[in-house]
Amino acid sequence: MISLRRKALACIQCGECSGSCPLFIVASEKYNPRRVLSRLVFDGDKPYDVAWLCLTCYECFERCPANVSITELMLELKNEASRKGQIPSTAIEVAEKLLRAGKAVPVTKSITRTREELGLKPIPDSPNQEAIELLERVGFRKMVNGWKHEGRK
C-alpha cells in the first residue's frame, strides 16, 4: 500500500483544494486541506484531529490540477486514527445515532418542507431498520462499544 505521505507528494501547493472546500470557506482557522497535505509531506505529521473535520464532499479532488484525492487521504487518516483509538466524541455520537435510527441526520421540518416543495417522497421519521440490521451484521455496534469501553470518547 502506498503511504499517505507518498500520495500527498503529488500536491503542488496551489491552494485550489482550500479555495473550493466549504469548510475552509467558513472556518479557515480550523481546517485547511493544503496545510494538511503540507504537514503530511514536509513535517511527516499525521493530523488525525483535523482529518475528522473533512466533510467528504470531494470538492478538493474535483478542483485539484494534480489529481490528489485529499478526501481519500482524509478517509485513510480517519481509518488509521480509529485503529489507534483517536476518535473524537462527536464521531462516536454520530455512530450511536446510526445504530439507533439507521441514519445520522434526523428528519427535520425544514427537510420535510424542502422535499415537499421539490416533489420528492417524504423520508420516514421512523428508524431505518434495514440500515440498523446491516450495521449490526457487519459488527459496527461491537466496534462502537469497543471505542466507548476503551475510553476513546
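The values are calculated or read from the model by the stated rules, or taken from the named source; none is laboratory data. From a predicted model like this one, the values you see are computed outputs, not experimental measurements. Glycine gets a Cβ as well: all are built from the backbone with ideal geometry, and neighbour counts include every protein chain shown.
Looking across segment 83-92 at every residue that is surrounded by 12 or more Cβ atoms within 10 Å (Cβ to Cβ) and not hydrophobic (A, V, I, L, M, F, W, C), the one that is modelled with the lowest pLDDT is identified as Gln86. Within segment 39-61, the residues that satisfy the criterion of being surrounded by fewer than 16 Cβ atoms within 10 Å (Cβ to Cβ) and either within 17 Å of the chain's Cα centre (by Cα) or among the aromatic types (Phe, Trp, Tyr) (or both) are Phe42, Asp49, Leu55, Thr56, Cys57, Tyr58.
Is it the case, given these coordinates, that Ile70 is crowded, with 18+ Cβ neighbours inside 10 Å, touching a residue at least 40 places away in the same chain (Cβ under 8 Å) and not polar (S, T, N, Q)? Answer is yes for this residue. The conditions of being outside the structural domain of Gln13 (by TED's automatic domain parsing), modelled with pLDDT of 90 or more and not in a loop (DSSP other than H, G, I, E, B) are met by Arg100.
Residue selection: Leu120 fails the criterion of being over 21 Å from Leu55 (Cβ atoms) and either part of a helix (DSSP H, G or I) or in contact with a Leu (Cβ under 8 Å, 6 or more places away or on another chain) (or both). The selection criterion, being in a helix (DSSP H, G or I) and surrounded by 13 or more Cβ atoms within 10 Å (Cβ to Cβ), holds for Glu80. Can you spot a residue in segment 114-126 that is surrounded by fewer than 11 Cβ atoms within 10 Å (Cβ to Cβ) and polar (S, T, N, Q)? Yes, segment 114-126 contains at least one residue that is surrounded by fewer than 11 Cβ atoms within 10 Å (Cβ to Cβ) and polar (S, T, N, Q).
Take Val36 and decide whether it is assigned to a helix (DSSP H, G or I), under 19 Å from the mean Cα position of the chain (by Cα) and crowded, with 16+ Cβ neighbours inside 10 Å. Against the criterion (assigned to a helix (DSSP H, G or I), under 19 Å from the mean Cα position of the chain (by Cα) and crowded, with 16+ Cβ neighbours inside 10 Å), Val36 qualifies. Checking the stated criteria, Leu134 turns out not to satisfy the condition of being farther than 25 Å from Gly15 by Cα and either in the same structural domain as Leu37 (by TED's automatic domain parsing) or within 17 Å of the chain's Cα centre (by Cα) (or both).
Among what's in segment 103-113 and is part of a helix (DSSP H, G or I) and among the hydroxyl-bearing types (Ser, Thr, Tyr), pick the residue that is surrounded by the most Cβ atoms within 10 Å (Cβ to Cβ). So, considering only residues that are part of a helix (DSSP H, G or I) and among the hydroxyl-bearing types (Ser, Thr, Tyr), the one surrounded by the most Cβ atoms within 10 Å (Cβ to Cβ) is Thr112.
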